[in-house]
Amino acid sequence: MEKKTFESALAALEKAVANLEEGELTLEDSLLCFEEGVRSLSVCQKVLKEAENKVELLLKNQDGTLKTEPFDLEED
């Protein structure tokens, strides 16, 4: 089984939400769609947690303390 990327899992989650919001699915199809959404959400959360752990590791000082810095997307 191929590992889902964050982007593909997010797209699948967005599709599941859109399908459920339309309200046109049968109960059985709604449950299947909901299950797929939950699986996709789990993948997204796992990938984000892994990324957070990598960032924390990169920001650790040599003495083991965590150095925090604000993440600013705006350029001066």
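Applying both filters, DSSP loop and at most 12 other Cβ atoms within 10 Å, to the trypsin sites (Lys or Arg not before Pro) of the stretch 1-68 gives Lys3, Lys67. Placing unit charges on each Cβ (+1 for Lys and Arg, -1 for Asp and Glu) gives the stretch 1-67 a dipole about its Cα centre, and among Ala11, Gly64, Cys33 the Cα reaching farthest toward its positive end belongs to Gly64.
In the elastic network of the chain, a GNM with C-alpha springs shorter than 10 Å, the most mobile of Glu22, Glu52, Glu35 is Glu22. GNM remark for the chain: springs join alpha carbons under 10 Å apart, and the peak mean-square fluctuation among Gly23, Gly64, Gly37 falls on Gly64. With protein chains left intact and a 1.4 Å probe, residues in the chain average 90 Å² of accessible area per residue.
Per residue of the chain, what 222 nm ellipticity follows from adding -39500 (n - 2.57) for every DSSP H run with n ≥ 4, rounded to the nearest 500? Counting only the DSSP helices, I get -23500 deg cm²/dmol.
For the chain, carbon and sulfur atoms together expose 57% of the accessible surface, with a 1.4 angstrom probe and every protein chain in place.
Any chance you could count the Lys pairs in the chain whose alpha carbons are under 19 Å apart, treating pairs 8 or more apart or on different chains as valid? Eligible lysine pairs with Cα atoms under 19 Å apart amount to 12. Counting heavy atoms of the protein chains alone, Ser42 has an accessible area of about 70 Å² for a 1.4 Å probe. With Rh defined as the Kirkwood radius, the inverse of the mean 1/r over Cα pairs, the Rg/Rh of the chain is 1.20.
The values are calculated or read from the model by the stated rules, or taken from the named source; none is laboratory data. Just so it is clear, the model here is predicted, and its values are computed rather than measured. Here Cβ is always computed from backbone atoms with ideal geometry, including for glycine, and neighbour counts include all displayed protein chains. For accessibility, only protein heavy atoms count, side chains too; no ligands or nucleic acids. Shrake-Rupley method; radii C 1.70, N 1.55, O 1.52, S 1.80 Å.
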